[in-house]
1. Distance from the Cα centre of region 92-160 to that of region 34-77, in angstrom?
2. With runs of 4+ DSSP H residues as the only contributors, calculate the mean residue ellipticity of the chain at 222 nm using -39,500 (n - 2.57) per run, divided by the residue total and rounded to the nearest 500.
3. I need the calculated FRET efficiency for the pair ILE75 and MET1, taking r as the beta carbon distance and R₀ as 30 Å, to the nearest 0.05.
4. When the Kirkwood hydrodynamic radius is evaluated over all pairs of different C-alpha atoms of region 1-107, what value in angstrom, to one decimal, is obtained?
5. Quick one: ranking LEU82, LEU155 by accessible area, 1.4 Å probe, largest first, what do you get?
6. What are the extents of the Cα atoms of region 81-160 along their three principal axes, listed from largest to smallest and rounded to whole Å?
7. What number does region 1-49 give for Rg over Rh if you use C-alpha atoms and the Kirkwood radius?
8. Could you tell me the accessible area of ILE55 in Å² (1.4 Å probe, neighbours in place), rounded to the nearest ten?
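The values are calculated or read from the model by the stated rules, or taken from the named source; none is laboratory data. Fair warning: this is a prediction, and the values are worked out from it, not measured in the lab. All Cβ positions, glycine included, derive from the backbone under ideal geometry; neighbour counts span all protein chains shown. What goes into the accessible areas is simple: the full protein's heavy atoms, side chains included, and nothing from ligands, DNA or RNA. Shrake-Rupley method; radii C 1.70, N 1.55, O 1.52, S 1.80 Å.
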Amino acid sequence: MAVGKLLPTLSAYGGYLDQYGFNPAYKEANWFTGLALTIPLFDRSLYADVARERIQGEKAAQHLRAVENQIGLDIRTALAALTESRNRVTTAEAAVAQAEESFRIEQEKYASGAGVMVDLLLAQAAAVTAVANQTQALFDYNAAVVAYRRATGTLEGYLQ
């Protein structure tokens, strides 16, 4: 818009005018036309406007690049968190299976008289801790899914 103000402007005008007089009586018709050419040669404020708009365009381009970079970083971070939390869920499931098997073995040892109560209680505590870790891993996975969908802009469809 500022560059457009620097361009020459050509204006045309025209009109008709009736004149009447009483003493002496007369009636006169006047036609007029004209052209006006405006060339803004010495208007420094227009050049300042052009420079200001150019700087604002550069700032907007830099801001756009920064936003695009941030979005890319958010997506990569969310994807890494999603992959890591998926691996934690798999590991936690294996740990739960191992802890439950250990608890089952300790129960059989205690029932046959070969084990002690302390070992049984420690195995049970390990099984409960493994289940708690699995639950936390599932929560983290779901949080990572939400973060990934938010970063990719697909969160609304996920929530419906």
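1. Rounded to whole Å, the Cα centres lie 56 Å apart.
2. Values: 4 runs with 115 residues, N = 160.
Theoretical 222 nm ellipticity from helices: -26000 deg cm²/dmol.
3. Details: r = 36 Å, r/R0 = 1.20.
According to the calculation, E is roughly 0.25.
4. Details: mean 1/r = 0.0437 Å⁻¹.
This gives a value of 22.9 Å.
5. Working: LEU82 20, LEU155 40 Å².
Of LEU82, LEU155, the descending order of accessible area is LEU155, LEU82.
6. 60, 20, 15
7. Numbers: Rg = 19.7 Å, Rh = 14.2 Å.
Computed over Cα atoms, the ratio is 1.38.
8. In the full protein context, ILE55 sits at about 80 Å².
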